[in-house]
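Q: Once you've had a glance at the structure underneath, I'll fire off some questions.
The values are calculated or read from the model by the stated rules, or taken from the named source; none is laboratory data. This structure is a prediction, so every number in the text was calculated from the model and none was measured. Cβ: placed from backbone, ideal geometry, glycine included. Neighbour counts: every protein chain shown.
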Amino acid sequence: MERAGIPTAVITNLVTIAEQVGAPRIVLGRGIPYPTGDPDLPPHAERAWRRRLVEQALVALATPVERPTVFEVGAQDVGAQHVGAQPEEATRA
Amino acid sequence: MMRVVHYINQFYAGLGGEEAAGLSPRLLDGPAGPGRLLDQLLGDEHEVVATVVCGDNHAAGTAGVTEELLGMVREAGAELLLTGPAFGSGRYGMACARLAAAGTTAGLPSLAAMHPDNPGIGEAGTAPVIAAGASARKMRASLQRVAPALAKLAAGQALTEQDGRVGRSARLGRLVEHTAAQRAVELVLRRLAGEDADAVTEIPLGGFDSVEPAAPVEKVGAASVALLTEGALVPAGNPDRLESARATRWLRYSVDGLDTLADGDWESVDGGFATTAANADPNRLVPLDAARALQRDGAVGGLHDELLVTVGNGTSVVTARRFGVEWAARLRAAGVQAAILTAT
C-alpha cells in the first residue's frame with residue numbers, strides 16, 4: 001500500500017512485528033484481539049479512547065516518515081511519536 | 001526463428017500514465033516501446049511479432065484477466081512470451097509474473113523480467129524470472145540480460161543464476177555423495193571460515209524487502225480514507241466463507257451509510273485470536289464508529305464506502321503482498337488517498 005503511494009496507518013498491538021516487516025506508519029493499539037477497543041473500560045471511556053486512537057492514525061497519515069515510526073496516544077501528549085529501528089535493521093529480520 | 005510476443009503495461013506502450021491504468025487488454029502488431037530495443041537485441045534469431053498491452057489497475061484487479069491476456073498472446077501466434085521488464089513496479093510486476101506463470105503452465109515457453117524485490121515475483125510460479133534493475137533507467141541493461149535468456153529458453157535450455165535468474169526456481173531431485181548431516185557440518189565450517197552467510201546455503205530463504213514510505217496526506221480534512229483489516233471481520237454467518245487462516249483471498253463489504261458496526265451484524269472468523277471481545281463490539285476491530293464521528297466533525301474528508309477484509313493469520317508474505325497491491329489498485333481507482341489498517 002505504502003509502496004504504491006497510499007499512506008497506510010497500521011493500528012496494532014504487535015508493534016515489533018510491524019517494525020520488522022517495515023510498515024512505515026504504526027499506531028499502537030490496545031490489545032491483540034481488540035486493536036481499537038478496550039473491554040476493561042466503561043463504554044463511554046472506550047469510545048472516547050477509540051476516537052483519540054483514530055485521530056492519532058490520521059496524524060500518522062499526515063506525517064512524513066522515513067522508516068518504521070510508532071505513533072502513540074499518550075495521556076496528555078497526543079501526537080507523541082518515536083522512531084523505530086533503522087530500516088536496515090528493521091527489514092533484515 | 002521464433003515468434004516472440006511481448007507483454008507491457010499502458011505506460012511503456014505510450015498509451016498514458018496513471019490516468020490510463022484502467023485500460024483494457026489490447027493487441028498491437030509488432031514491437032512497441034521497449035520491445036523495439038528487444039527486437040534489435042534479438043537480432044535475426046527471433047522476432048517480436050506482437051505486443052499485448054493492459055493497464056496496471058485492470059491487470060492487477062480484474063478476475064480472469066490473465067486468461068484473457070494469454071488468449072491474446074496465443075492469438076498472435078506466440079512461440080515465446082516475454083513479460084516486462086516490470087522493474088520495481090508492483091501492479092505491473094504482478095501482471096507480468098501471472099501471465100508468465102500462465103504461459104508456462106499452458107506449455108508456452110515464457111519469461112518474466114523484474115527487480116528481485118518486486119512484490120509480484122512470488123506469483124511467477126514455475127516461470128523463470130530474469131533480474132531487471134529497480135527502475136526504467138536500467139532498461140537497456142535489463143534487456144541486454146533478457147535477450148540472451150530468451151534465446152536460451154527458445155533453445156529449450158534451463159535458465160540459471162548465471163543467466164540472471166532470480167526468485168523461486170524448481171527444486172530438482174538428484175543423488176549426492178554426502179548425507180544431509182555431512183553437508184550441514186560443511187556449511188557451518190564455511191560460515192565459520194567467514195564466507196557470506198547468504199551464499200552458504202542450499203535453500204535460500206525469502207526475506208522482508210524494504211518499503212519506501214508514501215508521502216503523507218496533505219490535508220486529511222479533505223482526504224478520502226479507507227478502513228482495512230486483516231482481522232477477518234465479515235458479516236455474521238460469513239456468507240463468503242472467508243478462511244480462518246492462510247487466506248487465499250480478500251473480500252470487500254459496504255459500510256456506506258453505516259455509523260457503527262453493530263454487534264450481531266458482524267463477526268470475526270479469524271482463527272488466530274479469541275474473537276469474543278471483537279464480536280461483542282466489532283468497532284474494537286474496525287473503528288467505524290470513531291471514524292464516522294471524525295468524518296462528521298470534518299477531521300477527515302470522507303470514508304471509503306467499502307471495508308476491505310482478509311485474514312492475516314498464517315497468511316504467507318507472498319500472498320499478503322499480492323493483497324496489498326490489489327488493495328492499492330482498487331483504492332486508487334476509487335480516488336482514496338490514505339488507509340487505516342487494523343492488525344491483530
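Q: How do the pairs read when you match residues in region B:275-297 that are more than 16 Å from B:Ala232 (Cβ to Cβ) and without any contact (Cβ under 8 Å) to a residue 24 or more places away in the chain with residues anywhere that are crowded, with 22+ Cβ neighbours inside 10 Å and of a type in the set (D, E, K, R), using Cβ under 6 Å and keeping only pairs 6 or more apart or on different chains?
A: Every condition considered, the pairs that remain are B:Ala290/A:Arg50.
Q: Checking B:Leu288 against (1) hydrophobic (A, V, I, L, M, F, W, C); (2) within 11 Å of chain A (Cβ to nearest Cβ); (3) closer than 30 Å to B:Gly167 by Cβ, only one condition comes out false. Which one?
A: All conditions pass for B:Leu288, except number (3).
Q: Could you grab me the full set of residues in region B:1-47 that are among the polar types (S, T, N, Q) and surrounded by 20 or more Cβ atoms within 10 Å (Cβ to Cβ)?
A: B:Asn9, B:Gln10
Q: Just to be sure before I move on: is B:Leu80 within 17 Å of B:Ala154 (Cα to Cα) and touching a helix residue (DSSP H, G or I) at 6+ places or on another chain (Cβ under 7 Å) in the structure I sent? Walk me through how you get there before you give the answer.
A: Numbers: within 17 Å of B:Ala154 (Cα to Cα): yes; touching a helix residue (DSSP H, G or I) at 6+ places or on another chain (Cβ under 7 Å): yes.
Answer is yes for this residue.
Q: With B:Arg74, B:Arg98 as the choices, which residue is basic (Lys, Arg), under 26 Å from B:Ala328 (Cα atoms) and outside the structural domain of B:Ala328 (by TED's automatic domain parsing)?
A: B:Arg98
Q: Looking at (1) closer than 27 Å to B:Leu153 by Cα; (2) touching a helix residue (DSSP H, G or I) at 6+ places or on another chain (Cβ under 6 Å), which is the one condition that is false for B:Glu47?
A: For B:Glu47, the exception is condition (2).
Q: Follow-up. Six or more apart or on different chains, Cβ under 9 Å: which pairs go from a residue in region B:77-89 that's on the phi > 0 side of the Ramachandran plot and modelled with pLDDT of 95 or more to one that's surrounded by fewer than 24 Cβ atoms within 10 Å (Cβ to Cβ) and hydrophobic (A, V, I, L, M, F, W, C)? Could you list them?
A: Sorted first by the residue in region B:77-89, then by its partner, the pairs are B:Gly77/B:Val49; B:Gly77/B:Ala50.
Q: Can you tell me which condition B:Val53 does not meet? The list is (1) surrounded by fewer than 24 Cβ atoms within 10 Å (Cβ to Cβ); (2) out of contact with any Cys (no Cβ under 9 Å at 6 or more places or on another chain); (3) of a type outside the set (Ser, Thr, Tyr), and all the others hold.
A: (1)
Q: Being in contact with a strand residue (DSSP E or B) (Cβ under 6 Å, 6 or more places away or on another chain) and charged (D, E, K, R) is the filter here, so list the residues in region A:22-36 that pass it.
A: Residue satisfying the conditions is A:Arg25 alone.
Q: Return the only residue of B:Gly324, B:Gly302 being more than 9 Å from every other protein chain (Cβ to nearest Cβ) and of a type outside the set (Asp, Glu). It would help to see each step written out before you state the result.
A: Details: B:Gly324 fails: more than 9 Å from every other protein chain (Cβ to nearest Cβ).
Of the residues listed, the single one that is more than 9 Å from every other protein chain (Cβ to nearest Cβ) and of a type outside the set (Asp, Glu) is B:Gly302.
Q: Quick check on region A:64-86: of everything there that is facing chain B (nearest Cβ under 8 Å) and buried (at least 18 other Cβ atoms within 10 Å of the Cβ), which residue is modelled with the lowest pLDDT?
A: Here the answer is A:Arg67.
Q: What's the total number of residues in region B:131-165 that are within 22 Å of the chain's Cα centre (by Cα) and either modelled with pLDDT of 90 or more or outside the structural domain of B:Met114 (by TED's automatic domain parsing) (or both)?
A: Going through region B:131-165 one residue at a time, the tally reaches 12.
Q: Cβ contacts < 6 Å: first residue in the same structural domain as B:Gly71 (by TED's automatic domain parsing), restricted to region B:25-48; second residue aromatic (Phe, Trp, Tyr) and surrounded by 20 or more Cβ atoms within 10 Å (Cβ to Cβ), any location; separation 6+ or different chain. Result?
A: B:Gly33/B:Tyr12; B:Pro34/B:Tyr12
Q: Given the conditions (1) buried (at least 19 other Cβ atoms within 10 Å of the Cβ); (2) facing chain A (nearest Cβ under 9 Å); (3) touching a residue at least 60 places away in the same chain (Cβ under 8 Å); (4) out of contact with any Leu (no Cβ under 6 Å at 6 or more places or on another chain), and given that B:Val317 satisfies all but one, which numbered condition is not satisfied?
A: Going through (1) buried (at least 19 other Cβ atoms within 10 Å of the Cβ); (2) facing chain A (nearest Cβ under 9 Å); (3) touching a residue at least 60 places away in the same chain (Cβ under 8 Å); (4) out of contact with any Leu (no Cβ under 6 Å at 6 or more places or on another chain) one by one, B:Val317 breaks only (1).
Q: For region A:3-45, give me each residue that is closer than 20 Å to B:Asp259 by Cβ and more than 8 Å from chain B (Cβ to nearest Cβ).
A: The answer is A:Pro43, A:His44, A:Ala45.
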